[in-house]
Amino acid sequence: MNGPKLACPNFLPNVVHLRSFALDHGFHGIDWTLRLEDMPRNRQEEERFIHAISKLAPLEVRFHLFFPDNEVGDSDVEKSLSAANVFSAALALISKLAGRFATLHVGLGRESMEDVSWERTISGLSDLRVKARAAGIRLCLENLAWGWTARPELYEKLIRKTNCWGTLDIGHAQVCPSVRSQVYDVQDFALPHPERILSAHIYHKETATGHIPPSNDSDLEDRLLLLQRLPLCDWWVLELREENSLLQTLDCVKAFLYSHAASAAS
């Protein structure tokens, strides 16, 4: 890996403005969050969406599936099937966009995993991974700040048993109970399977008010050094949706990359 590709979220509603912003600030791509309300309901809406995404060229576009309370492992069979259909439709859309990467979650938007089946989650994610692979898409599981994927030992099992890839959210990892209690470290989310982590979400930490940017590059240094040790993690998403916070994080990441490039060269 020669160096990470820096990506920003689709935080501007106008794709032309988003493209200009990304290119002006040296981003390599867009991490597009696809929400339920964004899913096309007919062919015309699908064609409009595909046309809009095409305007982002030459930026690379990867996809982030944000579907709260849609669990392929839901204990309710009908809800489980409905969720599987939602994710399958999203993968079909991404395939039409020539997308090659998609990130999803387990436990998103839930306060409890009580009504989610571990076995059905393994089976459902495995089925989605097979569909994604057939479409040329690498399916990545993101760690959250709470739930199964907030526990490194369970996150590792989910990736290993489903053969999914991984997206490491360093802000979620920073605040999850497993790390805050010092039972685990942030690196424990990645080092059991360093070759499976393809992308990262970068900001300082998540709080009740949202994603918080770093004050300086030292806030991120240890975690960015970890990302550099992961052989395939070349997509770094600066996951802030407010321009000043995003640019503040960009400055910190660039300072880190410049500093460590200079150290490596000396």
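The values are calculated or read from the model by the stated rules, or taken from the named source; none is laboratory data. Worth saying up front: this structure is predicted, and the values here are computed from it rather than measured. Here the Cβ positions follow ideal geometry from the backbone for every residue, glycine too, while neighbour counts run over all protein chains shown. The accessibility values were calculated without ligands, DNA or RNA, using every heavy atom of the protein model including side chains. Shrake-Rupley method; radii C 1.70, N 1.55, O 1.52, S 1.80 Å.
Quick look at the values:
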read-out: Residue that is closer than 15 Å to residue 196 by Cβ and open to solvent by 10 Å² or more (accessible area, probe 1.4 Å), where the choices are 138, 120, 151; value: 138
read-out: Residues (under 23 Å from residue 251 (Cα atoms) and surrounded by fewer than 16 Cβ atoms within 10 Å (Cβ to Cβ)) located in segment 154-209; value: 207, 209
read-out: Subset of segment 8-64 [of a type in the set (Asp, Glu) and open to solvent by 30 Å² or more (accessible area, probe 1.4 Å)]; value: 24, 37, 38, 45, 46, 47, 60
read-out: Complete set of residues in segment 164-222 that are under 15 Å from residue 146 (Cβ atoms) and part of a helix (DSSP H, G or I); value: 171, 172, 173, 174, 175, 177, 178, 179, 180, 189
read-out: Residue in segment 105-120 that is under 30 Å from residue 58 (Cβ atoms) and either without any contact (Cβ under 8 Å) to a residue 12 or more places away in the chain or among the aliphatic types (A, V, I, L, M) (or both) present; value: no
read-out: Single unsatisfied condition, residue 248 versus (1) open to solvent by 20 Å² or more (accessible area, probe 1.4 Å); (2) touching a strand residue (DSSP E or B) at 6+ places or on another chain (Cβ under 8 Å); (3) in a helix (DSSP H, G or I); (4) of a type outside the set (Lys, Arg); value: (2)
read-out: Residue list for segment 125-135, filter: open to solvent by 10 Å² or more (accessible area, probe 1.4 Å) and touching a residue at least 12 places away in the same chain (Cβ under 8 Å); value: 126, 127, 129, 131, 135
read-out: Members of segment 26-77 found to be of a type in the set (A, V, I, L, M, F, W, C), within 27 Å of residue 248 (Cβ to Cβ) and touching a Pro at 6+ places or on another chain (Cβ under 9 Å), listed by number; value: 30, 32
read-out: Residues within segment 42-85 that are modelled with pLDDT of 95 or more and in a loop (DSSP other than H, G, I, E, B), tallied; value: 14
